[in-house]
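The block underneath contains the structure these notes are about, expressed in structure tokens.
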Amino acid sequence: EAGVAQSPRYKIIEKRQSVAFWCNPISGHATLYWYQQILGQGPKLLIQFQNNGVVDDSQLPKDRFSAERLKGVDSTLKIQPAKLEDSAVYLCASSSIAGGLNNEQFFGPGTRLTVL
Amino acid sequence: LAKTTQPISMDSYEGQEVNITCSHNNIATNDYITWYQQFPSQGPRFIIQGYKTKVTNEVASLFIPADRKSSTLSLPRVSLSDTAVYYCLVGGLRGGKLIFGQGTELSVKP
């Protein structure tokens with residue numbers, strides 16, 4: 001089966017600009033996650049969707065970050081305006097039925113964002 | 001949510017068995033222990049999961065003592081391709097949040 005798709009793979013922007021990332025999860029996976037991974041650290045959950053509803057967005061900086069999953073399939077994550085500290089890899093992951101039997105999450109390759 | 005502590009880095013040689021221990025003193029009764037592997041420029045990949053005693057699959061074994069306050073990921077006969085960062089996570093199932101720590105950077109040398 002196809003894995004989690006993300007685009008773009010790389011993005012360079014200047015601070016205060018806007019940027020958007022796209023994710024297409026594995027077909028049939030109801031749960032979708034966005035993580036931020038800063039160099040040298042583990043991924044940090046930003047937001048979790050169950051179908052098109054938000055389950056957890058407690059660590060999403062809502063003053064500048066937004067995410068949506070309108071039809072319960074693909075999702076976009078937006079940053080507006082970007083700050084230097086937003087430079088990171090943004091990972092999308094999906095899982096079946098709120099984690100399935102073992103909560104295994106399948107990750108995409110990520111989008112590497114550089115803010116200058 | 002339980003925090004985890006693991007060594008920042010480990011070195012090994014090809015063909016050796018590698019054991020990475022993770023400490024999780026505040027693990028809750030309904031928490032499972034899960035290990036992920038991450039290669040550079042890739043997302044993490046699920047390796048193994050367990051609740052107690054020992055779990056084995058085709059790539060690794062997971063040892064969990066009775067008190068469940070620690071766990072050990074065992075990789076038999078590592079190869080150069082096992083060079084990666086390994087994350088230990090604890091959490092519940094059915095939508096439980098995954099909290100990644102800093103991970104253990106394993107370097108396998110020829």
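The residues of the range A:1-10 that are open to solvent by 80 Å² or more (accessible area, probe 1.4 Å) and outside any loop (DSSP other than H, G, I, E, B) amount to a single one, A:10. Residue-level analysis places residue B:108 among those that are touching a helix residue (DSSP H, G or I) at 6+ places or on another chain (Cβ under 6 Å) and either aromatic (Phe, Trp, Tyr) or surrounded by 13 or more Cβ atoms within 10 Å (Cβ to Cβ) (or both). For the range A:74-83, the criterion of a residue being among the hydrophobic types (A, V, I, L, M, F, W, C), closer than 30 Å to residue B:104 by Cβ and free of Cβ contacts under 8 Å to residues at least 40 places away in the same chain is satisfied by no position. Scanning the range A:33-62 for residues that are of a type in the set (S, T, N, Q) and under 24 Å from residue B:9 (Cβ atoms) yields A:36, A:37, A:41.
Hand me the list of strands (runs of 3 or more DSSP E) wholly inside the range B:17-67 holding 1 or more residues that are open to solvent by less than 70 Å² (accessible area, probe 1.4 Å) and under 25 Å from residue A:37 (Cα atoms). Spell out how you get there, then give the answer.
Values: elements: B:18-23, B:32-38, B:45-50, B:53-56, B:61-64.
So the answer is B:18-23, B:32-38, B:45-50.
Residues in the range A:21-44 that are within 12 Å of another protein chain (Cβ to nearest Cβ), open to solvent by 10 Å² or more (accessible area, probe 1.4 Å) and under 14 Å from residue A:66 (Cα atoms): A:36 only.
The values are calculated or read from the model by the stated rules, or taken from the named source; none is laboratory data. Quick caveat, the model's predicted, so the values are computed rather than measured. Using ideal geometry, Cβ is built from the backbone for each residue, glycine included, and neighbour counts are taken over all protein chains shown. Surface accessibility is based on the protein's heavy atoms, side chains included, excluding ligands, DNA and RNA. Shrake-Rupley method; radii C 1.70, N 1.55, O 1.52, S 1.80 Å.
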